[in-house]
Every structure is written in structure tokens, then in C-alpha cells.
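No lab work stands behind these numbers, since they all come straight from the coordinates. These figures come from a predicted structure and were not determined experimentally. All Cβ positions, even for glycine, are placed from backbone atoms using ideal geometry, and neighbour counts span all protein chains on display.
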Amino acid sequence: MLNLSAARYFLEVARLHSIRSAADRLHVAPSAISRQLTKLEHEFDAQLLERHSNGVRLTAAGELLAKHLAVLFETIEVAKGEISDLKGLKSGQVSIATVEGVTRPFLSDNIANFRQNYPSIEFRVRIRGRERVLEALEQHLCQIGFIYDHFSHPSLETVGKWRQPLLALARPDHPFADGRALKLNDLVPMSCVLPDDSFGIHHLVHRVYAKLGATPNATLVADQFHFLIAHAIRTNAIIYLPLQAAMTEVKSGVIVPLNLDCNDFNYRYIYAVIRRDQQLAPATSAFLRYILAEFQAGEKSDAELLAKLRHHQV
């Protein structure tokens, strides 16, 4: 009979490609994990891992087992959730993979608000680049994904979207922050900071600049929004982000949206994504319904905030 502890240890090692990292994550000794992996290999009569100096790699048998175990544990979570649902969502776990732009304060606030009604529901959030969010869904590492920009994937589907135009943002004392109407041509000479090429924003900005025969005057490229925002504020550079990614700084007034008219930036969306074949646990279903209602409210409040800010700039 399959030992679920050994299976969970193996799945964590498979995800992290390291016995020591898995031991740290699971708060057990590496030797305990090694013993369980040996038993698992004996049970399946196959080598599951190849050990190397810099970690482990899955064999073909290991890849196959990891795939099936991910589905197994997800099914167990659904069963636990359905049993919990009989008691009114008294327990359960919601796992999310998301791009950074929707995490603060929107996702954090709404997880906290949801847990006020369901305090025993646990959340696990992975913050990744867009492609890795899609991979996490595909590999059963999470139940819900949030990404920017449309996609086509045979095993994934969109269940909700929230319009999030790409904004040009800068300090209130930036020369172009006085409310004047701007075209992208006006911004071409100005210094800016950009997310790196793991973000759709990077490619969109380069693509739209290329239509003008130009390239962004990017003085800094980085993979974290909060660092980029801080640097843009420090150096008075322009930063291209959706409102939600900079909501805290916009509301505090340290950066403001420029009055830029760029049609290519206007129709971007945050998408809520799940697997087509997925049976959602009750806790996940409840949170998904809740967050999609917040998508609709957020789109309206974003538009109102932008209109108010631009009115004050004029």
C-alpha cells in the first residue's frame, strides 16, 4: 500500500529538485526523506531519482510518478474540502499561482477579507512570471492562476477577467505629470524602468515602441515591481505598470499616472484561470466566486480613481 507520507516527501523533492530543500520545507531531517524515498523506489521497483552534487533529477519513472501523485493529492484535497463543506467550510486549502502585479494590495486584502468569514481556510500563494503561472496550473501545483494578457492553452480556461490598462507612471514633479495630453512619441526620449523579459509588459512596451522606430530608454530592468517602483521614484524615471501593481504608491501620491493616450496599452486584462478538467474543492470554489465578484468591483473603482487623478492634474 502506498505510504502517503513517503509520496508527499517524494513530490516535494520532485518540485524542489533537492532533498535538503524539501526537508527544510517539510521540517524533517534529510535522512528521513532519503529513507522514505528508498522505500518508495523499492515499492515501485524502479529508480525514481538521480542524485547529483547540485541536487536531484527525476528519472522517466520519477516524472511519471510525480505527475500521478500531483493528481492524487489534489483529489485528496477535494475530498477533504467536500467533507469540510458538510460542516460549512471549516477547513480547506486554496492554492494560487499569480503574477506579481495583482498581489498587492488586491490579492492580499481579499484573502484577508475572505478569511474573516472562513478563518480556517488556508492559502498558499506562488508569485511567478506569466509562463510559470501557466506551468503551475498545468502541473497541478495550484488550483487558480492570475495572469495578464490573453492566452490559448488546450487544458486551461479563463473564468473571469478584469481590464487593467498599462499606465505610464511617474513622480508628481515629473515634467509630464501636469495633466497634459501625451502620445507615446512624447515619452520616447525620457528615461524609464522596465520589468524584465519574463513579464508581458516588457515585450508589449518594446513592441509598441518599435512601431515608432524607437526603443525604450530603459535605465533599469528588474524582475520585481516594488524594486522598480522605488527606483523610478528615486530617479524620477517613468515606469510602465498596470494600476493594481502600483496601487499603494498611487493612492499615497508618490507616483501619478501620466495622461498618455496609447491604444495599444488600453486593452490589457488580468485573467483568472483554472484547468478545464479540474474539480474544484469547495474552499477553492467559494474563493473563486468571491474574487470574481471583486474583479467586477475593482474594474469600476479603478476607472473612477484614474478619472479623479487625471481631473486633479488638469
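Figures for the structure shown
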| read-out | value |
| --- | --- |
| Charge tally in the Cβ shell below 12 Å around Val205, where Lys, Arg are +1 and Asp, Glu are -1, Val205 excluded | 0 |
| At R0 = 45 Å, FRET efficiency that the Cβ-Cβ distance of Asp109 and Asn54 yields, to 0.05 | 0.70 |
| Dipole magnitude (debye, nearest 20) for the chain, charges at Cβ of Lys, Arg, Asp, Glu | 380 debye |
| For the stretch 224-267 and the stretch 139-195, distance of Cα centres in Å | 9 Å |
| Charge context of Ile127, other residues only, Cβ under 14 angstrom, K/R +1, D/E -1 | +2 |
| Loop-located trypsin sites (Lys or Arg not before Pro) in the stretch 134-217, at most 14 other Cβ atoms within 10 Å (DSSP) | Arg180, Lys183 |
| Expected-Rg normalisation [2.2 N^0.38 Å, Cα atoms] applied to the stretch 4-66 | 0.97 |
| Peptides 165-177, 93-105 ordered by average Cβ neighbours within 10 Å, highest first | 93-105, 165-177 |
| 5 angstrom amide H check on Gly160, placed H, neighbours 5+ away | Ala272 |
| Net length gained if the chain between Ala297 and Phe151 were fully extended (0.36 nm per residue, minus Cα distance) | 50.2 nm |
| Placed amide H near Gly92: partners under 5 Å, 5+ positions off or other chain | Glu122 |
| Mean residue ellipticity (222 nm) of the chain, computed from DSSP H runs ≥ 4 via -39,500 (n - 2.57), nearest 500 | -15000 deg cm²/dmol |
| Other-chain or far-sequence residues with amide H under 5 Å of Arg126's (modelled H) | Ile96, Ala97, Thr98 |
| Contact order normalised by residue count of the chain, Cα under 8 Å, 6+ apart, percent | 22 percent |
| The stretch 15-49 versus the stretch 109-127: alpha-carbon centroid distance in Å | 30 Å |
| Lys/Arg +1, Asp/Glu -1 at C-beta; the chain dipole; positive extreme among Leu11, Leu184, Ala286 | Ala286 |
| For the stretch 11-157, share of DSSP beta bridges that run antiparallel, in % to the nearest 5 | 30 percent |
| Within the chain, percent of DSSP bridges classed antiparallel, to nearest 5 | 55 percent |
| Separation of the Ser252 and His231 label points, Cα + 7 Å toward Cβ, nm | 1.9 nm |
| Peptide ranges 256-268, 239-251 listed from the most packed, as the mean C-beta count within 10 angstrom indicates | 239-251, 256-268 |
| Residues His140, His150, sorted so that the one with the fewest Cβ neighbours within 10 Å comes first | His150, His140 |
| Listed residues Pro30, Pro189, Pro154, most fluctuating in the chain (Gaussian network, C-alpha, under 10 Å) | Pro154 |
| Volume per residue that the Cα convex hull of the stretch 232-314 spans, once the total is divided by residue count, Å³ | 137 Å³ |
